[in-house]
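S.K.: Starting off with a structure, shown below.
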Amino acid sequence: YSKNCTDMVVYGAAIEEEKAKMLRSSLLFMGTQSIESKKLHNTCFFQFITDTENTGDELSVDGSQYLIIVDPAKLPYENHRRNTQFFKYNPGLFFPWADR
């Protein structure tokens, strides 16, 4: 990804399984904004998710977001909200190649 995603990286964390399901379901997915933004700005979208059902999906249902599967047993906190903040406050750790 480092060659294609140098300008800007947009990412989020859907650590709870219910939220991660939205990225895999065409009935629950939120819309086409990420597809349009990806085309317009050549932006890379990433989502940190847990995969307790072992689906092995690497892309969201619309193909606009890369899904990064995280093992919940290796997360530092038992609280999903705190784990989500861990990802959101440390972008340089996960995307050191991105300019912004």
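The values are calculated or read from the model by the stated rules, or taken from the named source; none is laboratory data. Note that this is a predicted model, so its numbers are computed, not measured. A quick note on method: Cβ atoms are made from the backbone with ideal geometry, for glycine too, and the neighbour counts reach across all protein chains shown. When the accessible area is computed, the model is the full protein with side chains, heavy atoms only, and any ligands, DNA or RNA have been set aside. Shrake-Rupley method; radii C 1.70, N 1.55, O 1.52, S 1.80 Å.
S.K.: Can you work out which of the residues in the range 63-76 that are in contact with a Ser or Thr (Cβ under 7 Å, 6 or more places away or on another chain) and not aliphatic (A, V, I, L, M) is surrounded by the fewest Cβ atoms within 10 Å (Cβ to Cβ)? Can you show your working first?
M.R.: Of all residues in the range 63-76, those in contact with a Ser or Thr (Cβ under 7 Å, 6 or more places away or on another chain) come to 64-65, 67, 70, 72.
The next check asks that each one be not aliphatic (A, V, I, L, M); those that pass are 64-65, 72.
Values: S64: 20, Q65: 24, P72: 14.
Restricting to residues being in contact with a Ser or Thr (Cβ under 7 Å, 6 or more places away or on another chain) and not aliphatic (A, V, I, L, M), the top hit is P72.
S.K.: Which one of these is at pLDDT below 75, surrounded by 12 or more Cβ atoms within 10 Å (Cβ to Cβ) and not aromatic (F, W, Y): L23, L27? Walk me through it before giving the result.
M.R.: Values: L27 fails: surrounded by 12 or more Cβ atoms within 10 Å (Cβ to Cβ).
The match here is L23.
Residue-wise test of (1) over 13 Å from the mean Cα position of the chain (by Cα); (2) open to solvent by 90 Å² or more (accessible area, probe 1.4 Å); (3) at pLDDT 70 or above.
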position: M8; (1), (2), (3): yes, no, yes
position: Q33; (1), (2), (3): yes, yes, no
position: N54; (1), (2), (3): yes, yes, yes
position: Y89; (1), (2), (3): yes, yes, yes
position: L93; (1), (2), (3): yes, yes, yes
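S.K.: Sort through A73, A98 and tell me the only one that's of a type in the set (A, V, I, L, M) and at pLDDT below 85. I'd like the intermediate steps shown before the answer.
M.R.: Working: A73 fails: at pLDDT below 85.
Testing whether each residue is of a type in the set (A, V, I, L, M) and at pLDDT below 85 leaves just A98.
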